[in-house]
1. Long-range amide H contacts for C:Ser207: which residues qualify at under 5 Å (H placed 1.01 Å from N, peptide plane, sequence gap of 5 or more or a different chain)?
2. In cubic angstrom, how much convex hull volume per residue do the alpha carbon atoms of segment B:152-204 span?
3. Starting from the Cα of C:Lys62, step 7 Å along the direction of its Cβ; do the same at A:Gln71; then give the gap between the two resulting points in nm.
4. Using 0.36 nm per residue of separation minus the Cα-Cα distance, give me the extension gain between D:Lys205 and D:Asn189 in nm, one decimal.
5. Grab the alpha carbons of the protein assembly as shown, take their convex hull, and tell me the volume per residue in Å³.
6. From the Cα gyration tensor of segment A:266-308, with a ≥ b ≥ c the square roots of its eigenvalues, which class applies: rounded if a/c is under 1.5, or else prolate if a/b is larger than b/c, or else oblate?
7. Could you work out, residue by residue across A:117-124, how many beta carbons of other chains sit within 10 Å of that residue's beta carbon, and then give the average as an integer?
8. Please arrange D:Glu213, B:Glu359 by how many other C-beta atoms lie within 10 Å of their C-beta, fewest to most.
Number of protein chains: 4
Amino acid sequence: MRNTIGNIFTVTIFGESHGTAIGAVLDGLPAGIALDEDFIYAQMDKRKAKGNISTKRREEDKIQILSGYFQGYTTGTPFTILIPNNDVKSKDYEKTKHILRPSHADFTAFEKYFGYQDYRGGGHFSGRISAPIVAAGAIALQILNARGIHIATHIAQCHDIKDTAFLLDDIEQQIQKLHSHEFPVIDQNIGKRMIEKIENSAKAKDSVGGILESIITGIPTGLGQPFFDSVESKLSHLLFSIPAVKGVSFGLGFDFSSLYGSQANDAFYYDEKVRTKTNHNGGINGGITNGMPIQLKTVIKPTPSIFQSQETIDYHTKETIQLQLQGRHDPAIIHRACVVVDSMLAIGILDLLLERDLECAFHNNKERNHTTCE
Amino acid sequence: MRNTIGNIFTVTIFGESHGTAIGAVLDGLPAGIALDEDFIYAQMDKRKAKGNISTKRREEDKIQILSGYFQGYTTGTPFTILIPNNDVKSKDYEKTKHILRPSHADFTAFEKYFGYQDYRGGGHFSGRISAPIVAAGAIALQILNARGIHIATHIAQCHDIKDTAFLLDDIEQQIQKLHSHEFPVIDQNIGKRMIEKIENSAKAKDSVGGILESIITGIPTGLGQPFFDSVESKLSHLLFSIPAVKGVSFGLGFDFSSLYGSQANDAFYYDEKVRTKTNHNGGINGGITNGMPIQLKTVIKPTPSIFQSQETIDYHTKETIQLQLQGRHDPAIIHRACVVVDSMLAIGILDLLLERDLECAFHNNKERNHTTCE
Amino acid sequence: MRNTIGNIFTVTIFGESHGTAIGAVLDGLPAGIALDEDFIYAQMDKRKAKGNISTKRREEDKIQILSGYFQGYTTGTPFTILIPNNDVKSKDYEKTKHILRPSHADFTAFEKYFGYQDYRGGGHFSGRISAPIVAAGAIALQILNARGIHIATHIAQCHDIKDTAFLLDDIEQQIQKLHSHEFPVIDQNIGKRMIEKIENSAKAKDSVGGILESIITGIPTGLGQPFFDSVESKLSHLLFSIPAVKGVSFGLGFDFSSLYGSQANDAFYYDEKVRTKTNHNGGINGGITNGMPIQLKTVIKPTPSIFQSQETIDYHTKETIQLQLQGRHDPAIIHRACVVVDSMLAIGILDLLLERDLECAFHNNKERNHTTCE
Amino acid sequence: MRNTIGNIFTVTIFGESHGTAIGAVLDGLPAGIALDEDFIYAQMDKRKAKGNISTKRREEDKIQILSGYFQGYTTGTPFTILIPNNDVKSKDYEKTKHILRPSHADFTAFEKYFGYQDYRGGGHFSGRISAPIVAAGAIALQILNARGIHIATHIAQCHDIKDTAFLLDDIEQQIQKLHSHEFPVIDQNIGKRMIEKIENSAKAKDSVGGILESIITGIPTGLGQPFFDSVESKLSHLLFSIPAVKGVSFGLGFDFSSLYGSQANDAFYYDEKVRTKTNHNGGINGGITNGMPIQLKTVIKPTPSIFQSQETIDYHTKETIQLQLQGRHDPAIIHRACVVVDSMLAIGILDLLLERDLECAFHNNKERNHTTCE
């Protein structure tokens, strides 16, 4: 609960934006996993602020592994990641600490913590806490990749500009290609237009949001549970933990509302394994994976930190004031958020996969011949 | 995990559609709550199949309270609800048990449980399990109502027909009125058109889905946590546990994607308490309630049980067959789902409220003067 | 938490001594387990009140399996056990509800539940709640037995009479023999003396307690975790949940205090597998099973319900009164408690074993050659 | 689970004896607690190796608070403690890594982690991990002390030497005095004899263990739950997490076995509040605190690291060898363990107290007049 998530593989996060360090403790990681540290850094790089379309705060994000890792392998005991905070300009926040930035967590932080919150840079609410999540996700991803499970997220929509969609026919190569792009879109020309859009909104002292589309391939059948631990429940729980996420949908999502059942149903057929002709349900039936790719969408609201003058109030005096934001802020986070979504998905899927391994381990000792576990 | 949800107030569900009984165990319920059993039955009634727009299976849903309730009050020990299954026609399912109904959980149940699942009527995957959830929610709701918190859900969209939206100005009366309607829409004339749409799709051997819009009023500030126990995370986890839910969004949800930050931000002002001029964030900032109503949307896919002939396969032979569904099925569940959504929200909000009570209890013994807890 | 225990295999208990029914929900049970219902009833029989040395309340303990069981196999969904209460004489308790029986939970129940507790027969505090635990344990035991793991508990000491100890040389046969005895001691002659002791203390309107010794054989290495999920932590947590248990020790237990390290250490040797010459640590090193039998002791205090006149107070008036107990009570529960201890151990060991299965499943796909998982 | 414990107040531990650092993440700590850092260091000092009766490894145990602490107060977000490892001589362990030290976790670590464990200095099994537990406990203790709850542990028995017992009449002063003693015994003369005993056993290349007796005063009524979250269950779970603990008992503990009920029962009387004449049940009835001091005993086995030659085997070759231990080891840890026990108890009691606060907060808004919550 609170800052720990997961049943079998658990992640505990800690830290504040302008504190000494942020980090995560991973528990339930199997012993004997060889880690590729370069991959972790490559993932961290995707999250980093870059160019004109991100904040000027540039953190090195040097990772220290404090425990659970010995001679190049995980040990099976708690795996602790520490990321020091370096590029901190806390003075920026002192003057404005009682000023409630619209759509930020300033007001709720005051209410929640009775005035004791670390108000510098969003404190524990900061998107900066997503750095240890990306590191944790990078470790989960390595285990999944080795099992043939791949995860990718692209910006399906930035304001009014839409990327082309994933194509199931050629999905593995599409994923590989997407991961090689610096800006996470399938069509690079559309990506350029999105970057332009972000730059323009920054010039207008404004910000934009968008829709991220994710796909998870190579997923075995049988992950998840009916009801409370449905794949949708577990993944949405993680995705809504990302600041700025305000909607999550699976398969056709909200488009289901205007279809008839006869249009929406996915017909089963058999071709080496059981498949469905369409994937409207996004790879999940009754909360459980059916072996088709998991497909989902996440909406990211426009970043609330804009440089236009905004009306708001002072928490203590309750007086109305005009807020003119200072400091360093992102005009959009959709491009940085893709790897955070991938990481959350990896954390959730690894937990579900380990639970499924257990069921298969038990079943494989038994006689009945439903060979659903590979 | 699996069939238990909640941190402080927990709900454990059990049962199969055609088993002896279904039910729930509620733990963490405070001692000394006087319950209105009529209210529980009124809620159960809302979920019941009725008229031409629902299945012909008519369960009496007589509730037995087995424990945790003594002389008209909760005792503080596990509160157990039992609902016997009576109107069961299991023979319907025997012939078709290997036939994988499209977009149903038949296939994933086989994979998950290696062929040992109770395949009758969807077994543990059945929407029937939502009956004990409604009973549990009715108990949570009574506690919330007594604290001035109200929850309501209407069908915002049935296929292509849209209901009018909630109006924050007159919300309490609108909620009360909505709860008095047999068909859960704000505008009864629109409701009639929706019923017609459902009847027509039933005649066409088809089904429809829709979008449900919910509101939670009277909510104190400070509920929820940053990250993993954000209000959005907790509520979406519960909502995605409802069979047929494929999308959940808060506030403007997916409409955030095409707005600028300057359009999306909610400006703070003060009028007796801190408020926001708009409620685009749906009452939640940084995962925590800001005192404005919680507003959210849930998409329900069209019920997959349709009477048109459908192509599918046999699980064992893998051969393609034409499926002609028999039995009793709903051409739409959106109207029955509203109370299930209300119930899930009540379960989640009560858990969050009890956690908040604890923080306030601790704080009220301390000196600093942030009187955010009433 | 509260009434749910376990990580992977969880048990939720509910019910009051004089309520409609008591029961348990088991979750995480693998699908496809064929259950021997006779074995469950045989276990229930061991717990039943019998002869002159137990209460006159005689419950039939008819078990209803409400869910999770289909065509003779577990389904993998919540397995619900219901045991109706029949032989209830609630009037006995009405007159004395404010009288605080010494060393009973009457006072703490008042404090805990603010006067809303079901005070009849101990309510939710009653030893009667151990009936669903025995049923749950019987299911866990069947799974363990099929894996070659056996559990047994005998009365090592009843007041001043001591049974002979387990002998590791011949342990499997000794366990089998012990399970065939109606009174759970190794030496039947000593058992007769214990029964006499209990009868005599009953005649003297008094009660006795004792020490139970348990053994778990056939246990693989590698169960448990360092620190918070040590085998000792998990098993003691369960054992201290049994009313009347006031001490738990492993291996030499409190006798360790007067030994030197050179006397206490268990020397390793190899004979087909790694073993230790002595088993002073009770099969557990660093919180983890070493493959030797788990050995532990549990102390049961004398039953507090005695028929001698006792001084106490009225909860409301706070006045001193002489209490003369009425009703039906046990002069000893040590003989009935053995199967409850076995059941709690089975519940805990199954949870640990499933967790270990998971680790082995993951490891067996890897290259390094430490074949510690069978 | 695994390395996280607690329901409302949770502690997650991490680290290895010879890794970069060890530490703990505390979650659920209320916001606004002013901490006395000197008190934390004073507690850490009690755990430190000292004089001739401890290992020669001398760690400075400098604590870094990484998060959750701002301007001298807790913030309500995860509170992270980091303790770097400095005085590490890892070469000592390289030569002996396959040699299974008797009664150590070497063998079970190999089995558990398939050879991937950090074998240096016991790795994650090391008693060194109790350092962050003491730091965590020091924070919990400050909150408890401010609420009038005090905890103390003395060496009741070191080998064959027994300290005088706690006296309830004068307990608060006795506790204060005990905390001022460098060697944690009530009678300092007996303490000198214990130190002599430890020194002598060290000279004989041997080690000793003992029994620790703890008391918790000022505890409100109503903490704990019947069954799985009984005070005994929760506290024993924590205590058995301490390496070397092999037995835990409450009140009279194992001495209950030879008493009659008439001797064992605690008679209630009233003097300003409800009390019992004796405290045989150690302040707990039915798993719940009755307001009398909690009293309990913990047995610590003799430290397995002795310098005498011992027969054992090599994990890989399975050959018998004579082990002559090198390195730095404790001839006894009973004196260092007292503060670890205090810390574990503080962690458990704070969790129980916060849960109780919640019940009281809810109840205080209600009418019935059972004023059990202060």
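Just so it is clear, none of the values below were taken in a lab; they were calculated from the coordinates. In this text, all values refer to a predicted model and were calculated from it rather than measured experimentally. As a convention, Cβ positions derive from the backbone with ideal geometry for all residues, glycine included, and neighbour counts pool all protein chains shown.
1. Correct list: D:Gly261, D:Ser262.
2. 68 Å³
3. So the label points at C:Lys62 and A:Gln71 sit 6.3 nm apart.
4. Full-extension gain reported as 3.3 nm.
5. That works out to 156 Å³ per residue.
6. prolate
7. The mean count of partner-chain Cβ atoms within 10 Å per residue comes to 5.
8. D:Glu213, B:Glu359
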